[in-house]
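Some notes on the structure that comes next.
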Amino acid sequence: MSTRDIAIRAQDISKRYRLGVKETSEDSVGAALLGMVKNPLKNFRKYRSLYKFEEGEGVSKNRRTDTEDILWALRGVSFEVKRGEVVGVIGTNGSGKSTLLKILTRITPPTTGRIEITRRVSSLLEVGTGFHPELTGRENVYLNGTILGMRKKEIDRVFDDIVEFSGVDRFLDTPVKRYSSGMRVRLAFSVAAHLEPEILIVDEVLAVGDAAFQRKCMQKMEDVGQQGRTVLFVSHNMPAVTRMCERVILLNQGECMADGTAHEVVSAYLQGNRESTAEKVWPDLAEAPGKGVARLRAVRVRDRDGQMTEALDIRRPVGIEMEFEVLESGHIVQPQFGVFND
């Protein structure tokens, strides 16, 4: 793959933080008084140690050698994202997703590794990021657009579309500090999505908006992807991830555990250490559903390749397999099933 086709390249990205440690209490008045004298210097050293590491301290990225106050939020993460690709990033809370995005958007530098981004990035990592509470919605649109690298003429051209999409036109000249969290995220997403970014990075902000706005956002991100732009989408909403993304990266404890097709990676993530929801088996015939003629022994959900899967895409063929134990001959068994959403 030529360098010209790559939008994002991450090579061995790792990020190290220092954690706070529990303070000890003094047993005597004298020790407490002595501590009051020493505390200013002690606190200064503790503050400096949060951002300064001694040479060789916590260098190993092996989880087994972690010290009490060293945390590796990311450990040797490498991947490439092609131009026009829509990639999902999933994982449990604390797996390193937000840290990765903050490194990609240059909010924080990596401890080790290298990031290459060849296109203009527009990001929405938290509700109202980059908004000034004392400025109006109109002023914040221009401020945010400027921060994202847009010229005034470019913002003017899409300003009406931004306002219409966000649905806050009535409050456009009201200070943002009086907006609800939902209004702020609607305006922030609208700015990020309409300023024609070549790379759009979105981190779990759609959970704040209402259902109608979430549908609009999903459609907008799909449109951005279909226009040949690159999208990096972080979410805990697995149906949204499988709908939008052909490829998904799974992070766990700061490490890249899987990188593949959306349905394979999401299925592996959902299964985790628990029983698969793609299969239900009744090994004890006496407890299996049914009566004297036949009893249901198993139900399985399979994809078009015949593999069991938990992540379904309504745009693709789905198979439902039902296994019966026929207890009495001379009857015609007609299996029936119903499908329900949430």
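Coordinate-derived values only; no laboratory data. Bear in mind that the values here come from a model prediction, so they are computed numbers and not experimental data. Cβ atoms come from the backbone with ideal geometry, glycine included; neighbour counts cover every protein chain shown.
Structure values in brief
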{"read-out": "Net charge over other residues, Cβ less than 11 angstrom from the Cβ of Arg138 (K, R count +1; D, E count -1)", "value": "-3"}
{"read-out": "Relative contact order of segment 279-326, defined on C-alpha pairs under 8 angstrom at six or more residues apart (%)", "value": "37"}
{"read-out": "Exposure proxy ranking, count of Cβ atoms within 10 Å, fewest first, for Glu323, Glu255", "value": "Glu323, Glu255"}
{"read-out": "Virtual paramagnetic centre 7 Å along Cα→Cβ of Gln271, amide N under 19 Å, in segment 215-245", "value": "238-239, 242"}
{"read-out": "Segment 71-271: antiparallel DSSP beta bridges as a percent of all, rounded to 5", "value": "30"}
{"read-out": "Cα centroid separation, segment 168-242 to segment 77-121 (Å)", "value": "19"}
{"read-out": "Rg/Rg_ref, segment 278-342, where Rg_ref = 2.2 N^0.38 Å and atoms are Cα", "value": "1.28"}
{"read-out": "Calculated Rg and Dmax of segment 71-271 using C-alpha coordinates, Å", "value": "16.7, 49"}
{"read-out": "Net charge of Cβ neighbours under 12 Å - reference Pro175; Lys, Arg +1; Asp, Glu -1", "value": "+1"}
{"read-out": "Neighbour-count ranking [beta-carbon atoms within 10 angstrom, fewest first] of His263, His331, His194, His132", "value": "His331, His132, His263, His194"}
{"read-out": "Chain lengthening between Gln11 and Glu328 when straightened (0.36 nm per residue, less Cα-Cα)", "value": "107.8 nm"}
{"read-out": "Neighbourhood net charge (14 Å Cβ-Cβ; Lys/Arg +1, Asp/Glu -1) for Val248", "value": "-3"}
